[in-house]
Amino acid sequence: MLSPRTATEPVARPVGRGASPSRAGAAAIWGFALGYFLCYAPYSALTKALSSGLLAGMDRRGISGFVLLPISTIASLFGMFTFLTAMGWWRYAGRRTILGARVPCPGRWTFLSGVCTAGIIGTTTLAYTFEGASIVFMMLLMRGGVLVLAPMVDVITGRRVRWFSWAGFALSFGSLLVAFSKKGGLAITVIAACDVALYLACYFVRLRFMSRLAKSDDPTANRRYFVEEQMVATPAIVTLLALLAIVGAGDIMRDVRQGFTTFLASGRVLETVLIGIFSQGTGIFGGLILLDKREHTFCVPVNRASSVLAGVVASYGLMAALGQRAPSKRELLGAALIGAALLVLSLPDALARRRAALAANAAG
């Protein structure tokens, strides 16, 4: 028998005009941004190396992104359970009684948000496997799109957008314009365009749910949302991939089936497992950044900037280790604008800490 959830669905109260996080809370987001950066650089570099056949002994045709997805997402699944167990965060999830046992269970809205997160995981990994599209270019395209969505979601949900958030948004959006300023900048394949469109649609829905269910003064509501979303996302994409492999009709489904079967003897399973672990790391740190109670127009640029800068590092790593081309001048300019946005967004917190230190010295 199924019993109703014991935890009610939280409805977050948006941060009011003039409200700001505590100093500890303000600093936490930059630690999450560093963790996101440290996971994203090896994640994107390994994905590009495997899909392009860059590693020693590989066929130059590389490995299809759909072949990589099964093992990488299974690794992400184990990473998710390990993290939530190690942190002791399962206690924040709602509970249902199933066959007499009390088990963690998501609510309907966190379930849907988790499905959207599953779509983000899959489309992100695929984005770095398309031929002719660099890591930095795809990052600027996807990240720029989410930057456009952030203030739209804030306006819809009635959150106040402060001046430095608008400044960071403007600089970040400028990086997107730079990416498309070269001749042929809009020329991407149909499947790559569909991948980006699905990615952005999933992000829009996810940000809307975050605004309703979390991003509040209540840390319990934020962690409940995080845990329930995480416990849905990777199981959902693993289940979908398994169903596609069973059907096995068409090139894409056959690639997915290969990922579950013959790919296990390819000698590239360890690298693919690492992709999944680092991917889960980006999901954890990225989710914690977005759940900061400040407006999306602030949090999204912090999230996006960390990944774009990681993409630049990954590109130079591939250049140094495997002889790949360096990012173009336009891509570097776009990344520089992202870096400037990160600096602008960090100034208010830095100034607040300085004022607090001066006040403490004066009082002492």
Quick check on segment 300-313. Is at least one of its residues open to solvent by 30 Å² or more (accessible area, probe 1.4 Å) and either free of Cβ contacts under 8 Å to residues at least 40 places away in the same chain or over 23 Å from Lys48 (Cβ atoms) (or both)? no
What pairs come up if the first residue lies in segment 172-199 and is over 20 Å from Thr124 (Cα atoms), the second is at pLDDT 75 or above and assigned to a helix (DSSP H, G or I), and their beta carbons are under 6 Å apart, counting only those six or more places apart or on different chains? Gly174/Leu337; Val178/Arg330; Val178/Leu333; Val178/Gly334; Lys182/Arg330
Determine the pairs where a residue that is under 10 Å from Ser279 (Cβ atoms) and in contact (Cβ under 8 Å) with a residue 24 or more places away in the chain, located within segment 38-50, has a partner that is outside any helix (DSSP H, G or I) and open to solvent by 20 Å² or more (accessible area, probe 1.4 Å) with Cβ atoms under 8 Å apart, the partner being 6 or more residues away or on another chain. Thr47/Thr129
Meets criteria (over 22 Å from the mean Cα position of the chain (by Cα) and open to solvent by 40 Å² or more (accessible area, probe 1.4 Å)) for Ala245: no
Could you check, for segment 282-298, whether at least one of its residues is within 26 Å of Thr82 (Cα to Cα), touching a helix residue (DSSP H, G or I) at 6+ places or on another chain (Cβ under 8 Å), open to solvent by less than 60 Å² (accessible area, probe 1.4 Å) and of a type in the set (Ser, Thr, Tyr)? yes
Is one or more of the residues making up segment 296-319 more than 20 Å from the chain's Cα centre (by Cα), hydrophobic (A, V, I, L, M, F, W, C) and farther than 30 Å from Ser216 by Cα? yes
Scan segment 83-123 residue by residue and report those that are part of a strand (DSSP E or B) and among the β-branched types (Val, Ile, Thr). Thr97, Ile98, Val103
Any residue at all in segment 317-327 that is without any contact (Cβ under 8 Å) to a residue 40 or more places away in the chain and either open to solvent by less than 60 Å² (accessible area, probe 1.4 Å) or of a type in the set (Asp, Glu) (or both)? yes
I need the full set of residues from segment 248-259 which are hydrophobic (A, V, I, L, M, F, W, C), open to solvent by 40 Å² or more (accessible area, probe 1.4 Å) and within 20 Å of Gly62 (Cα to Cα), in order please. Ile252, Met253
Would you check which residues across segment 16-53 are on the phi > 0 side of the Ramachandran plot and at pLDDT 85 or above and list them? Gly53
Does segment 45-64 include one or more residues that are more than 25 Å from Asp255 (Cβ to Cβ), of a type in the set (S, T, N, Q) and either part of a helix (DSSP H, G or I) or open to solvent by 30 Å² or more (accessible area, probe 1.4 Å) (or both)? no
Please tell me if Arg354 is open to solvent by 40 Å² or more (accessible area, probe 1.4 Å), part of a helix (DSSP H, G or I) and without any contact (Cβ under 8 Å) to a residue 24 or more places away in the chain. yes
Residue that is in a loop (DSSP other than H, G, I, E, B) and not polar (S, T, N, Q), where the choices are Asp251, Asp217, Asp255: Asp217
Take the residues of segment 328-343 that are touching a residue at least 60 places away in the same chain (Cβ under 8 Å) and open to solvent by less than 30 Å² (accessible area, probe 1.4 Å): which is farthest from Asp292 (Cα to Cα)? Glu331
Pairs, first free of Cβ contacts under 8 Å to residues at least 40 places away in the same chain in segment 107-130, second open to solvent by 30 Å² or more (accessible area, probe 1.4 Å) and assigned to a helix (DSSP H, G or I), C-beta under 7 Å, six or more apart: none
Only one of (1) under 19 Å from Asn303 (Cβ atoms); (2) touching a Gly at 6+ places or on another chain (Cβ under 7 Å); (3) open to solvent by 20 Å² or more (accessible area, probe 1.4 Å); (4) at pLDDT 90 or above is not met by Glu229, so which one is it? (3)
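The values are calculated or read from the model by the stated rules, or taken from the named source; none is laboratory data. What you see is a predicted model, and the numbers here were worked out from it, not measured in a lab. Glycine also receives a Cβ, built like all others from the backbone with ideal geometry; neighbour counts cover every protein chain displayed. The accessibility values were calculated without ligands, DNA or RNA, using every heavy atom of the protein model including side chains. Shrake-Rupley method; radii C 1.70, N 1.55, O 1.52, S 1.80 Å.
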